[in-house]
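To start, the structure itself, in structure tokens.
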Amino acid sequence: MATILEFLGGDHHACDELFASAEESVSQKNWGGARALFDRFHAAMLHHLAMEENVLFPAFEARTGSTGGATQVMRMEHEQMRELMQDMAHAMIKTDYEGYLGLSETLNMLMQQHNMKEENVLYPMTDQVLAGERDNLIRSMEAVKP
Ligand SMILES: [Fe+2]
Ligand SMILES: [Fe+2]
């Protein structure tokens, strides 16, 4: 089975591709296509954040006894991403070209920095400290409802 880094890192890339496709459609003012792609991106991201918050972070915190550190920062950044995506959904409904692209630039910066911290630090650490439970963790994450 895959490592946590491979499993969740791969999911980051899948989300990034949907994000880029939605942005591309908005920049062409293809609002019908953009809305469908944004909805898929939004759903994929909410699922990703839920896999981390409901399965990965609690397991990491329980194993390391740490609740105030890295995972707390990650949770706060997830909240910022959810708010930005909510605002992007509104901009999409209003077909607000400038508004959407401004928000998507902000989200992209936040998302890339966040994902880098997870892929360089948190996921490799989790692969280490939870090596024995890794397959079960991935199965539990796969079972999180989209
Ligand atoms: Fe995250
Ligand atoms: Fe992540």
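Bear in mind that the values in this text are calculations on the coordinates, not laboratory data. From a predicted model like this one, the values you see are computed outputs, not experimental measurements. FYI the Cβ positions are ideal-geometry reconstructions off the backbone, even for glycines, and counts take in every protein chain you see.
Does His90 qualify as being farther than 19 Å from Glu53 by Cβ and either within 14 Å of ligand 2 (Cβ to nearest atom) or free of Cβ contacts under 8 Å to residues at least 24 places away in the same chain (or both)? Yes. The residue list Arg82, Arg40, Arg75 contains one member that is more than 16 Å from ligand 2 (Cβ to nearest atom) and assigned to a helix (DSSP H, G or I), which is Arg40. The set of residues in the stretch 48-72 that are in a helix (DSSP H, G or I) and among the β-branched types (Val, Ile, Thr) comprises Val55, Thr64, Thr71.
Quick check on the stretch 114-136: of everything there that is without any contact (Cβ under 8 Å) to a residue 12 or more places away in the chain and within 16 Å of ligand 1 (Cβ to nearest atom), which residue is nearest to Gly33 (Cα to Cα)?
Of the residues in the stretch 114-136, the ones without any contact (Cβ under 8 Å) to a residue 12 or more places away in the chain are 116, 120, 128, 131-132, 136.
Right, trim to within 16 Å of ligand 1 (Cβ to nearest atom) and you get 116, 120.
Working: Met116: 29, Asn120: 34 Å.
The residue in question is Met116.
For first residues located in the stretch 32-49 and over 12 Å from Asp11 (Cβ atoms), partners that are polar (S, T, N, Q) and lie 6+ apart or on another chain with Cβ distances below 7 Å form the pairs Gly33/Ser25; Ala34/Ser25; Leu37/Ser21; Leu37/Ser25. Counting residues in the stretch 100-111 that are in a helix (DSSP H, G or I) and within 12 Å of ligand 1 (Cβ to nearest atom) gives one or more. Picking from residues in the stretch 57-75 that are among the small types (Gly, Ala, Ser) and touching a residue at least 40 places away in the same chain (Cβ under 8 Å), the one that is nearest to Arg134 (Cα to Cα) is Ala59.
Among the residues making up the stretch 115-137, those that are in contact with a Leu (Cβ under 9 Å, 6 or more places away or on another chain), assigned to a helix (DSSP H, G or I) and among the aliphatic types (A, V, I, L, M) are Leu122, Leu137.
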